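Participant: I'd like to ask you about the structure that follows.
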Amino acid sequence: MNFKGRSFLKLLDYTPEEIEYLINLSARLKAEKKQGIAHRHLVGKNIALIFEKTSTRTRCAFEVAGADLGMHPVYLDSQGSQIGKKESIADTARVLGGMFDGIEYRGYGQELVEELAKHAGVPVWNGLTNEFHPTQILADFLTIKEQFGYLKGIKLVYMGDARYNMGNSLMVGCAKMGMHIVLCSNKKYFPDSELVKTCKEIAKQTGAIIELSENPMEAVKGAKVIYTDVWVSMGEPDSVWQERISDLTPYRVTKTLMENADKDCVFMHCLPAFHDLKTAIGKTIYEKYGIDCMEVTDEVFESRASVVFSEAENRMHTIKAVMLATLSDKEF
Ligand code: CP
Ligand code: NVA
């Protein structure tokens, strides 16, 4: 395994063995942390965390994991830096690459994080783009492994907006790890056909099954994981809400849907989720459209099958593994 100096931009760039290694390293780091064993392997290093979109989990995961490894993280948001307004990505990359040992980037198009990585000269980690959210998938797969003990052959059904970062990344991840993924949605929201083709090619090597479906009750039969994400992602205009609600309501994760899956089926969500009226957006949507949840009912979200908070915690352990593997001279 050779991770040193590499960027982590999308799972397509990594082999199944490398992905498995990162998941296993995450589990080891998690166990060490639970036992109070320090792992300050990267003392003296500095990392920049660029967030052009807001974040709770990803930002905190990078900051806490960086500190646990002995590093100094510096947070840059879209307002407080010159990025994009007065300075190009290529120039920013060369400036930050001279001061930092690694750079996290959350932003819009995937081409921006790729451009940053091309010019930085240090590892760049994708903290979410419109197209991909690769560190989220490592956390999801660690969570699935903790639940079931293995990944290969697990049937995961992704419900809802399957054409954005989460649908795309889960499809790539499942293809790489030999899993069975069904992307279930209105066909307007199916992933890009070129990416589906690429994943089906990967599946030929790994034994994965990649399916698209418009029928939720059929799709979830035998599923061990039902996964969903918001219907409107960061950066999308408010004007799409009405259409998304009418197109995607049949793909909401409900108790009936969960009951139609495998008896051990777990519910997963990258979060944040719209499952009640305790958020400003939740309240606005209720006032405008009269619905009290969107992609998942509160009943499922709060049920015993829901593993969303373990999944959220695992963001930190998996991001730690990515930084350790790509920054350290030693192999762990
Ligand atoms: N899942 C996830 O990326 O959450 P944040 O937007 O809070 O980072
Ligand atoms: N699809 C969501 C994922 C959030 C983690 C978004 O891009 O807003």
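Laboratory data are not the source of any read-out in this text; all were calculated from the coordinates shown. Quick caveat, the model's predicted, so the values are computed rather than measured. Here the Cβ positions follow ideal geometry from the backbone for every residue, glycine too, while neighbour counts run over all protein chains shown.
Participant: If you take the Cα atoms of region 2-128, find Rg, then find the Kirkwood Rh from the mean of 1/r over all pairs, what is Rg/Rh? Show your work: numbers first, answer last.
Facilitator: Numbers: Rg = 14.8 Å, Rh = 15.3 Å.
Computed over Cα atoms, the ratio is 0.97.
Participant: Express in whole angstrom the spacing between the alpha-carbon centres of region 255-332 and region 116-160.
Facilitator: 14 Å
Participant: OK, next. Can you pull a Stokes-Einstein diffusion coefficient for region 73-171 at 25 °C (0.890 mPa s), Rh from Kirkwood over Cα pairs, as a whole number of µm²/s?
Facilitator: Values: Rh = 15.2 Å.
This corresponds to a translational diffusion coefficient of 161 µm²/s.
Participant: From the Cα trace of region 221-276, what convex hull volume per residue do you get, rounded to a whole Å³? Show your work: numbers first, answer last.
Facilitator: On the way: hull volume 5.2 nm³, N = 56.
Cα-based convex hull of region 221-276, divided per residue, equals 93 Å³.
Participant: I want to verify the translational diffusion coefficient of the chain in µm²/s; compute it with Stokes-Einstein, Rh as the Kirkwood radius over Cα pairs, at 20 °C and 1.002 mPa s. Numbers along the way, then the final one.
Facilitator: Details: Rh = 20.2 Å.
Estimated via Stokes-Einstein, D reaches 106 µm²/s.
Participant: Would you mind counting up the charge near Asp13? Only other residues with Cβ under 12 Å from its Cβ, with Lys and Arg at +1 and Asp and Glu at -1.
Facilitator: Values: positive: Arg6, Lys10, Lys176; negative: Glu18, Glu114.
Result for the neighbourhood of Asp13: +1.
Participant: Pairs Lys33/Lys187; Lys200/Lys283; Lys30/Lys188; Lys45/Lys85; Lys187/Lys320; Lys155/Lys330: which are spaced more than 32 Å apart, C-alpha to C-alpha?
Facilitator: Values: Lys33/Lys187 43 Å; Lys200/Lys283 41 Å; Lys30/Lys188 39 Å; Lys45/Lys85 28 Å; Lys187/Lys320 37 Å; Lys155/Lys330 35 Å.
Too far apart for the 32 Å limit: Lys33/Lys187; Lys200/Lys283; Lys30/Lys188; Lys187/Lys320; Lys155/Lys330.
Participant: Then there's this: Check each of the trypsin sites (Lys or Arg not before Pro) in region 89-171 and keep only those in coil by DSSP with at most 14 other C-beta atoms within 10 angstrom; list them in order.
Facilitator: Values: sites: Arg94, Arg106, Lys118, Lys145, Lys152, Lys155, Arg163; in loops: Lys152, Arg163.
Here the trypsin sites (Lys or Arg not before Pro) that fit, given the DSSP loop and packing criteria, are Lys152.
Participant: Only residues of region 144-167 count here: report those whose backbone N is under 20 Å from the spot 7 Å along Cα→Cβ of Lys263, or say none.
Facilitator: 147-150, 154-156
Participant: Continuing with the same structure: So for the chain, taking the charge dipole from beta-carbon charges (+1 Lys/Arg, -1 Asp/Glu), which of Val157, Gly84, Ser310 sits furthest toward the positive end?
Facilitator: Ser310
Participant: Rounded to the nearest 500 deg cm²/dmol, what is the calculated helix-only ellipticity per residue at 222 nm for the chain, with -39500 (n - 2.57) per DSSP H run of length n ≥ 4?
Facilitator: Values: 13 runs with 145 residues, N = 332.
Taking each H run of at least 4 residues, the total per residue is -13500 deg cm²/dmol.
Participant: Neighbour counts of other C-beta atoms within 10 Å: give me Asp68, Asp238, Asp329, Asp298 arranged from fewest to most.
Facilitator: Values: Asp68 21, Asp238 10, Asp329 7, Asp298 15.
If I rank by nearby Cβ atoms, fewest first, I get Asp329, Asp238, Asp298, Asp68.
Participant: Below 13 angstrom from the Cβ of Ala65, what's the summed charge of the other residues (Lys, Arg +1; Asp, Glu -1)?
Facilitator: Values: positive: Lys30, Lys33, Arg40, Lys45, Arg57, Arg59, Arg315, Lys320; negative: Glu32, Glu63, Asp68, Glu104, Glu313.
Within the 13 Å Cβ shell, the charges total +3.
Participant: When Lys and Arg each count +1 and Asp and Glu each count -1, what net charge do the other residues less than 15 Å away from Leu277, Cβ to Cβ, add up to? Let's see the in-between values first.
Facilitator: On the way: positive: Lys278, Lys283, Lys288; negative: Asp276, Glu287, Asp292, Glu295, Asp298, Glu299, Glu302.
Value of the local net charge: -4.
Participant: Take every Cα pair under 8 Å in the chain that's 6+ residues apart, average their separations, divide by the length, and report that relative contact order as a whole percent.
Facilitator: Details: 654 pairs, mean separation 68.5, N = 332.
Relative contact order, the chain: 21 percent.
Participant: Determine, for Lys45, Lys85, the number of other Cβ atoms within 10 Å of each Cβ, and report the residues in order from fewest to most.
Facilitator: Lys85, Lys45
Participant: Which log10 I(q)/I(0) values, to two decimals, does region 177-332 give at q = 0.10 Å⁻¹ under the Debye formula with one point per Cα?
Facilitator: For region 177-332 at q = 0.10 Å⁻¹, log10 I(q)/I(0) is -0.45.
Participant: Are there DSSP H segments in the chain that both extend 24 Å or more along their axis (alpha-carbon positions) and score a mean Kyte-Doolittle hydropathy of at least 0.0? List them, or say none.
Facilitator: Qualifying helices, which must be both long enough and hydrophobic enough, are 308-327.
Participant: Continuing with the same structure: Gap in Å between the Cα centre of region 1-45 and the Cα centre of region 206-234?
Facilitator: 28 Å
Participant: Would you list Tyr150, Tyr75 from fewest to most Cβ contacts within 10 Å? All intermediate terms of the calculation are to be shown ahead of the outcome.
Facilitator: Details: Tyr150 12, Tyr75 16.
Final ranking by Cβ density, sparse to dense: Tyr150, Tyr75.
Participant: Using only the alpha-carbon atoms of region 247-318, report the extent along each of the three principal axes, biggest first, to the nearest angstrom.
Facilitator: 37, 31, 20
Participant: Specify whether the C-alpha gyration tensor of region 49-106 places it in the rounded, prolate or oblate class, a ≥ b ≥ c being the square roots of the eigenvalues: rounded for a/c under 1.5, otherwise prolate if a/b is larger than b/c and oblate if not. Walk me through the numbers before you get to the answer.
Facilitator: Working: a/c = 2.80, a/b = 1.40, b/c = 2.00.
Oblate is the answer for region 49-106, as a/c is 1.5 or above yet b/c matches or exceeds a/b.
Participant: Another question about this same structure. Using 0.36 nm times the number of residues separating Asp276 and Ser88, minus their current alpha carbon distance, what extension gain do you get? Spell out each step's value before the answer.
Facilitator: Details: separation 188, 0.36 × 188 = 67.68 nm, distance 4.01 nm.
63.7 nm is the gain from fully extending Asp276 to Ser88.
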